[in-house]
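What follows is one structure encoded as structure tokens, with my remarks underneath.
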Amino acid sequence: MAELSRAAYVFPGQGSQSTGMGQDLYDRYPSARAVFDEADASLGFSLSRLCFEGPADELTKTHNVQPAILVVSVACLKALEETAIADFPSPAFVAGHSSGEYTALVVAGVLSVTDAVLLVRERGRLMYEAGLKRPGSMLAVIGLDEETVKDISIHCEAEISNMNCPGQIVLSGTTQALAEADKLAKARGARALVPLKVSGAFHSVLMEPVIAEFSDIVSSFRFQPPVIPVISNVTARPLTDIDSVREELVKQLRNCIRWQGSVEYMMHNGVTTFYEIGPGRVLSSLIRRINSDLQTVNVSGVEDIAQLACEEGPTG
């Protein structure tokens, strides 16, 4: 494809949250405040207060944290646009990690904020319910290659659910399967094994009980064609029409998140700078591990935007 820009915008998913996130944006930028107000009106309760004040255990519930991170990320981008930084690059691509893909769809004009928060909250609700019906969890395996982790997953009946970067692969499965995976990975020389604080075995067969219901929910929402190519979590290729977006969202709930492949696709298509927009710095860290020559810029709040406004150009 023709190079539109050397930049991509990427958006975090569940796990990047913290109590207080977004409040500086809300207080400083009318455009950011409007995003929070729209989300609160759409959901019928104060998601903004939950972001700003917690409590943390309520914020981290799957059906709350997914729309919360989406709203903070969109608010951050709106604040950045309101600042009108000279020569700030438009993206050639947008992408998000797991639930962050919904933020990317908002930025690409596929979903409104109103619809996106409703849809991602339903997604979170169903993921939590799937975890009750078929209990399980997720385990990050650090320091082993893909083939080794794949072999471990076969032996313990788990699944690779996230290909994040070289040496960081996540498994999903039942508690018993992950306990066995932990033992096998240690025996194979894993540098670290990190249980994820999630309510179920996301992006695995254990999500199957809610796939049909979620498909019906996705079908009930109105989508628009993407105005910016959105890189699919499932295929690591661009989503360019409504049908492919609908199919992606349903498949994504059940299939592996191919984050490394997504970044590599954008890199091979001319992107050298990735702007991580939203809370945390998780994606920037992964991107630098995928290729240390790539430049990353974090935009998570007022201080980051002010720094960008003072610079002649972005630095990573």
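The values are calculated or read from the model by the stated rules, or taken from the named source; none is laboratory data. It should be emphasised that the depicted structure is a prediction, and the values quoted were computed from it without experimental measurement. Cβ coordinates were reconstructed from backbone atoms using ideal geometry, including for glycine residues, and neighbour counts include every protein chain displayed.
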- Item | Options F214, F223; residue that is of a type outside the set (G, A, S) and assigned to a helix (DSSP H, G or I) | F214
- Query: For region 172-192, which residues satisfy the criterion of being surrounded by fewer than 20 Cβ atoms within 10 Å (Cβ to Cβ), within 14 Å of R134 (Cα to Cα) and in contact with a helix residue (DSSP H, G or I) (Cβ under 9 Å, 6 or more places away or on another chain)?
  - Reply: T174, Q176
- Message: Here is a check on your reading of the model: is M163 touching a Lys or Arg at 6+ places or on another chain (Cβ under 6 Å), buried (at least 23 other Cβ atoms within 10 Å of the Cβ) and either in a helix (DSSP H, G or I) or not small (G, A, S) (or both)?
- Response: no
- Taking only region 266-284 into account, find how many residues are in a helix (DSSP H, G or I) and either loosely packed, with under 14 Cβ neighbours inside 10 Å or more than 18 Å from the chain's Cα centre (by Cα) (or both). 2
- Which condition breaks for F221 when tested against (1) on the phi > 0 side of the Ramachandran plot; (2) at pLDDT 95 or above? (1)
- Taking region 42-99 on its own, how many of its residues are among the acidic types (D, E), part of a helix (DSSP H, G or I) and in contact (Cβ under 8 Å) with a residue 40 or more places away in the chain? 2
- For T19, work out the one condition from (1) surrounded by fewer than 24 Cβ atoms within 10 Å (Cβ to Cβ); (2) assigned to a helix (DSSP H, G or I) it doesn't fulfil. (2)
- Residue satisfying all of: in region 1-56; under 17 Å from R281 (Cβ atoms) and among the aromatic types (F, W, Y); farthest from the chain's Cα centre (by Cα) among these: Y9
- Query: Can you tell me which of F52, F93, F45 is hydrophobic (A, V, I, L, M, F, W, C), farther than 21 Å from G124 by Cα and assigned by TED's automatic domain parsing to the domain that holds I305?
  - Reply: F93
- Note on the structure: Restricted to region 296-316 and to residues being among the hydroxyl-bearing types (S, T, Y) and part of a loop (DSSP other than H, G, I, E, B), the residue modelled with the lowest pLDDT is T315
- With I287, I231 as the choices, which residue is under 19 Å from the mean Cα position of the chain (by Cα), buried (at least 22 other Cβ atoms within 10 Å of the Cβ) and either closer than 17 Å to V106 by Cβ or of a type in the set (D, E, K, R) (or both)? I231
- Task: Give the residues of region 241-264 that are surrounded by fewer than 21 Cβ atoms within 10 Å (Cβ to Cβ), assigned to a helix (DSSP H, G or I) and not charged (D, E, K, R), sorted by residue number.
- Result: I242, S244, V250, G261
- Item | Every pair of residues 6+ apart whose Cβ atoms lie under 9 Å, when the first sits in region 217-236 and is among the basic types (K, R) while the second is in a loop (DSSP other than H, G, I, E, B) | R222/L111; R222/S112
- Is one or more of the residues making up region 72-92 polar (S, T, N, Q) and within 21 Å of W259 (Cβ to Cβ)? yes
- Task: Take S90 and decide whether it is on the phi > 0 side of the Ramachandran plot and of a type in the set (S, T, Y).
- Result: no
- Mind checking which residues of region 22-51 are surrounded by 19 or more Cβ atoms within 10 Å (Cβ to Cβ) and among the aromatic types (F, W, Y)? Y26, Y29, F36
- Task: Identify, from the list A32, A68, A56, the residue that is in contact with a Cys (Cβ under 9 Å, 6 or more places away or on another chain), closer than 27 Å to A130 by Cα and not hydroxyl-bearing (S, T, Y).
- Result: A68
